[in-house]
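Values quoted throughout were computed directly from the atomic coordinates according to the rules given, and no laboratory measurement underlies them. Model, not experiment: these values are computed from the prediction. A quick note on method: Cβ atoms are made from the backbone with ideal geometry, for glycine too, and the neighbour counts reach across all protein chains shown.
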Amino acid sequence: MATTIMMSPQIESAIHNMCSDAMTQAVNALAEKYGFDVEEANRFLAASDVKIVRKRGPSPKKEKDAKKETKQKADTADKPKRAKTGYLLYADEVRAEVKAELMAELGEDEKLKPQEVVKAIAARWKAEDAEVKAEWNSKAKTPVASDDEA
């Protein structure tokens, strides 16, 4: 939520005067410390006069954008899920076995990370013969009635 502040000309003038006074004090202190001409520095700063710029806050979001988002979400909700690949079917089949093997190898205080299970499944898939991979890929291509349709 944004807050809008309206500045009257008096407030704007007061801010401008405060900035000018602060610049003058800074120039005097720096001139005393570094030994440069105060008048020349003031002339230089007067040439680059202080400007107060009013910055706009973020614009409110348009309703059209919200309508587009809901339409896109509705479109994606209607699409059917993509079929599982042979690798995914294989992974579902061997996951429990791989997980049990890895749990047996772990020490008492160690936890089994899901990434380790996935790595082990991937290593098994890579080690499989081309025949076995082809079998799983053919299983993936044959249509199976899903639980949702039954």
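Using a/c under 1.5 as the rounded threshold, could you call segment 86-141 rounded, prolate or oblate? The axes a ≥ b ≥ c are square roots of the C-alpha gyration tensor eigenvalues, and prolate needs a/b larger than b/c, oblate otherwise. Cα axes put segment 86-141 in the prolate bin.
Shown in residue order for segment 100-105 are the 3J(HN,Hα) couplings computed by the Karplus curve 6.51 cos²θ - 1.76 cosθ + 1.60 at θ = phi - 60°: 4, 4, 5, 5, 5, 7 Hz (x for Gly and Pro).
Listed cross-link partners K113/K133; K73/K126; K79/K113; K79/K141 are compared with a 30 Å cut-off, the Cα-Cα value being larger for K73/K126; K79/K113. Between K84 and any residue 5 or more places off or on another chain, the built amide H atoms are never under 5 Å apart. Phi angles of segment 31-41 translate, via the Karplus equation with coefficients 6.51, -1.76, 1.60 and θ = phi - 60°, into HN-Hα couplings of 5, 5, 6, 9, x, 10, 6, 5, 4, 5, 5 Hz per residue; Gly and Pro are given as x. Placing R0 at 22 angstrom, the Cβ-Cβ distance between N137 and K79 gives a FRET efficiency of 0.40 after rounding to 0.05.
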